[in-house]
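For reference, the structure discussed in these notes is given below.
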Amino acid sequence: MIQKRYASKKCLQVTPNTNKLYFNELIKPTEPKMAEFVQFDMLHAVETAYFENDGTLSQKELYEAVANKLNINPSEHYGKVGKQENVNTFYRACRWIQQSMKEKRLLENVSRGVWTLAGTAKERLHVIQEGKSVIAMSTNLGIMICSKTEAVFESGIIEGDIDLVLTSPPYILQNPRNYGGLSEAKEWVKFIMSVLRPIIPRMSDGASLCLNIGQDSFHKKLPARQTHIERLTLELEDEGLWLVDRLLWTSNKAPGPAQYTSIERQMLRSAYEPLLHFTNNPLKLMSCNQRVLQPHSETHKKFVTSGGTRKAANNSDGAHRKSVGDYSKTDLTKGKIPTNNLYFGNKCGRNELVNKYARMLGIPTHGAKMPFKLAKFLVEYLCPVGGLAVDPFGGTATMGEACQVTGRKWVTIEPIYEYVRQSFIRFKSLGDDCYINPAFIANNPMEEDNFAANFLAANKMDRGQFSGCFAA
């Protein structure tokens, strides 16, 4: 049912109980000036950068991808190396890892400054066959399907109306991904719409579609952004949807785009990613800000309890009026309505646990997971309790876990075997009844159960403790 993405017959042999990644042995920590970078995170960041770009990256693209993953500003890492003054130690560390990979024959040169994964390294991801769908696992609230989304909706696997479509589609990249060589806005929009068109008619009246779309996609070698966000917005409007809002997700990611902010100094730092919120009927919109109220600040509490507005005012030709005593009757127990500028850090304890589980299984991690807290906020805001949410680009099922925790039904769809398998730990740890399809995994499902149990025991937690082991 699962086919290898690449045609080469070589195969990397890994055991489920390995405790380290394949690339751990590539770098020697004693290399001069590498101490600040030679650690597991650096190795993993380089590895993941290649996997996320289908194995091919230019030198500049590698630097930027690794810097973003490690939250590093390359311009801050200069020092003396041997007799050379003012050497960028971050770039040097990346090149050192590359050189080690070349020596191991894990990298091949494609053109000047462009390297691609070779041999055993690029065969570690497997994509399900076209037109095939397998229910990989299920809980009392949801299912994870290993499939391409088009196959799922063509076969009618999902019954009932969909109340929320929440997803983060693949970004536009100069190098081709598993869905083809889509590096231009028009091609990318065509691909995204081919996935969404079968889903839109299945949305319930007043349902929401929310897309997390990366904006750092540029025309090749130019400080000029692609217009894919604008084009997709208009395509969805032509499809009958209404744009409700553009939410801004701000995080602690590294300064970028590195080439145009830290090197050529032509652009300002990119600080947010857009979340486009659409609906099929704005008059029956199911989203509700009362489900995501935030605590009032101490300053605002003091303002309310001291009597609210103390001085009347009439500003902007009467457009803004204030009367004495305004806001003094605010109910402080209910919380405040959030703004559409959301801050959620990239560091996520739940996602780190999934990464650790993947490494123990000896399979690649997913390098672009949505933070759990962001997914949970969006699920609670956009979908009523008991509603059905679908993620057509499911990854490791962060949205599914958020739905499981908050009492929503869910379906996630993901075609890559390794990403689906590592997501199981999210649900086996929640204490809910979790079934893994024996036809999906290569080994006996009892072995998978025992492995997950041993993993949780090694991390000193039981399945019922998982939901409370991270800060709220």
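FYI, it's all coordinate maths here, none of it is from the lab. Small disclaimer: the values here were computed from a predicted structure and weren't measured. Virtual Cβ from ideal backbone geometry, glycine too; neighbours counted across all protein chains shown.
Numerical summary
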item	result
Simple spin-label estimate for residue 132 and residue 83 in nanometres, 7 Å along Cα-Cβ	6.0
Residue order, fewest to most surrounding Cβ atoms within 10 angstrom, among 231, 421, 426	231, 421, 426
Protection proxy ranking, peptides 128-134, 290-296, average beta carbon neighbours within 10 Å, highest first	128-134, 290-296
Cα-derived Rg to Rh of the range 217-352, Kirkwood definition	1.08
Theoretical FRET efficiency, 1/(1+(r/R0)^6), r = Cβ-Cβ of residue 315 and residue 293, R0 25 Å, to 0.05	0.35
Burial ranking of peptide ranges 242-248, 352-358, 337-343, 409-415 (average Cβ count within 10 Å, highest at the top)	409-415, 352-358, 242-248, 337-343
Cα-Cα over 18 Å, subset of 302/336; 190/409; 253/369; 69/102; 102/221; 284/336	190/409; 69/102; 102/221; 284/336
Listed peptides 68-78, 396-406 by packing density, highest first (mean Cβ within 10 Å)	396-406, 68-78
Length released on extending from residue 190 to residue 237, taking residue separation times 0.36 nm less the Cα-Cα span	15.5 nm
